[in-house]
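The values are calculated or read from the model by the stated rules, or taken from the named source; none is laboratory data. This structure is a prediction, so every number in the text was calculated from the model and none was measured. Note that each Cβ is placed from the backbone with ideal geometry, even for glycine, and that neighbours are counted across all protein chains shown. Keep in mind that these areas ignore ligands, DNA and RNA; they rest on the heavy atoms of the full protein, side chains included. Shrake-Rupley method; radii C 1.70, N 1.55, O 1.52, S 1.80 Å.
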Amino acid sequence: VDQAGNQVQPSHNILTQIQNHPILQNWFYISNNTLSIARWLAHLCGFRHRCIHLFLDPQHQASTTYVQIRSLQKYNEPGGFDMPVAGHVSGSASFFEGLHAEASEELGLDLKTDVTHVRQISTNNIAIAPLHKLPDYFDVEHTAIYRATLNNEAYHRIRFTDGEVAALALFQTDELATLIQKYPGRVGGGLRDS
């Protein structure tokens, strides 16, 4: 996508070349003359892609927020603190559709019933420089950042369904700000930049 988040439209010639080369069909996907690229290719080449990030706050606990502890199996920033919900927006789905999908995939939550006060608070272009340990991993995002409140009765429905999240931690927001400032290496890029 471009810096405004609009999908870049490839020429007819490029679409034809992709359709005629089977190997390229593992890298690119065409649906309704819209081109999408594989996640790994976006990160390898630094293509800007659409993402969502969700801050999730507990009900009735002012000045606190949940933070994800990334799975130790993650290839980037394993065990680090990050956004409770974050991920790529697939194909031509809207940001809000991507938010629903990621909340369900990562935490097993249904945003229609398990949270309240869902609101988009920002849209940013985020570019995270390659990590020393991953010099070929570029993260260039056009990201919609949301905030919501987790209903008290929904807490017990949280499930780490896709293996990306190891745990959730509840932080005082001032302590979280201090953590991000003093120990940026322990914090995932999504949380640092959001």
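So here's what we get for this one:
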read-out	value
Those residues of the stretch 39-74 which are in contact with a strand residue (DSSP E or B) (Cβ under 7 Å, 6 or more places away or on another chain), of a type outside the set (D, E, K, R) and part of a loop (DSSP other than H, G, I, E, B), in sequence order	46, 47, 59, 63, 71, 72
Filter result for the condition that a residue is touching a residue at least 12 places away in the same chain (Cβ under 8 Å), under 18 Å from residue 166 (Cα atoms) and open to solvent by 50 Å² or more (accessible area, probe 1.4 Å), over 68, 61, 73, 7	73
Scope the stretch 94-110; condition over 14 Å from the mean Cα position of the chain (by Cα), at negative phi and surrounded by fewer than 17 Cβ atoms within 10 Å (Cβ to Cβ); matching residues	110
Exclusive hit being open to solvent by 30 Å² or more (accessible area, probe 1.4 Å), within 14 Å of the chain's Cα centre (by Cα) and within 29 Å of residue 148 (Cβ to Cβ), set 49, 88, 53	88
Flag if residue 45 is modelled with pLDDT of 90 or more and closer than 20 Å to residue 126 by Cα	no
Residue check for residue 193: under 18 Å from the mean Cα position of the chain (by Cα), crowded, with 16+ Cβ neighbours inside 10 Å and either under 24 Å from residue 51 (Cα atoms) or at pLDDT below 95 (or both)	yes
Test: residue in the stretch 121-140 that is touching a helix residue (DSSP H, G or I) at 6+ places or on another chain (Cβ under 7 Å), of a type in the set (Phe, Trp, Tyr) and either open to solvent by 70 Å² or more (accessible area, probe 1.4 Å) or in a loop (DSSP other than H, G, I, E, B) (or both)	yes
Residues that are open to solvent by less than 40 Å² (accessible area, probe 1.4 Å), closer than 23 Å to residue 61 by Cβ and either at pLDDT below 95 or not polar (S, T, N, Q) (or both), drawn from the stretch 141-167	145, 146, 148, 150, 154, 158, 165, 167
